[in-house]
Amino acid sequence: MFSSIKHSWISDHHDWEDVCSVSAGVLIVLSPLAAGSAATPSVAISAGLAGITITVMVMLQLMMLRRWEELLKLACGVWVVVAPLLMQYDGTLRLLHFVLGGTVVFLSVLEFWQDRSCQLDS
């Protein structure tokens, strides 16, 4: 019985994954506020665009799952993780972006795994 529960958790798509992805996207948009004046305009724009894109891609996935939506969400998650290194900012904002971007990347990879056997419109 335990193995079937474990297998189901890994292989089946769950609503909580979408809720977490949308929440992470919204938090990424709001994250420059946590840094206050330390966040430069370029960092705020980068976080805003990535967060909005993640949120919109999740909403599109809820309507009709397509592979490119998942790929774009994954790319945005990777960007959020890499941006602090490339744009050289640190502190709370850096930590937030590592955690939130990592969450988006993890959920994207998990959803790719779960949807591997589904017929998707490319």
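The values are calculated or read from the model by the stated rules, or taken from the named source; none is laboratory data. If you're wondering where the values come from, they're calculated on a predicted model, not measured in any experiment. Cβ atoms come from the backbone with ideal geometry, glycine included; neighbour counts cover every protein chain shown.
Please indicate, with yes or no, whether at least one residue in region 78-100 is part of a helix (DSSP H, G or I), polar (S, T, N, Q) and at pLDDT below 95.
Looking for residues that are part of a helix (DSSP H, G or I), polar (S, T, N, Q) and at pLDDT below 95, one finds at least one in region 78-100, hence yes.
Only one residue in LEU60, LEU107 is assigned to a helix (DSSP H, G or I), under 19 Å from VAL29 (Cα atoms) and at pLDDT below 90. Which one?
Among LEU60, LEU107, only LEU60 is assigned to a helix (DSSP H, G or I), under 19 Å from VAL29 (Cα atoms) and at pLDDT below 90.
Is it true that some residue in region 38-60 is of a type in the set (Val, Ile, Thr), exposed (fewer than 13 other Cβ atoms within 10 Å of the Cβ) and over 12 Å from SER21 (Cβ atoms)?
Looking for residues that are of a type in the set (Val, Ile, Thr), exposed (fewer than 13 other Cβ atoms within 10 Å of the Cβ) and over 12 Å from SER21 (Cβ atoms), one finds at least one in region 38-60, hence yes.
Regarding LEU49, is this residue modelled with pLDDT of 95 or more and of a type outside the set (Ser, Thr, Tyr)?
Here the answer is yes, as LEU49 does meet what is asked.
Working only within region 20-40, note down all residues that are modelled with pLDDT under 90 and either part of a helix (DSSP H, G or I) or out of contact with any Phe, Trp or Tyr (no Cβ under 8 Å at 6 or more places or on another chain) (or both).
Within region 20-40, LEU33, ALA34, ALA35, GLY36, SER37, ALA38 qualify.
Name the single residue that is nearest to CYS20 (Cα to Cα) among those in region 61-86 being surrounded by 14 or more Cβ atoms within 10 Å (Cβ to Cβ) and more than 12 Å from the chain's Cα centre (by Cα).
The qualifying residue nearest to CYS20 (Cα to Cα) is GLN61.
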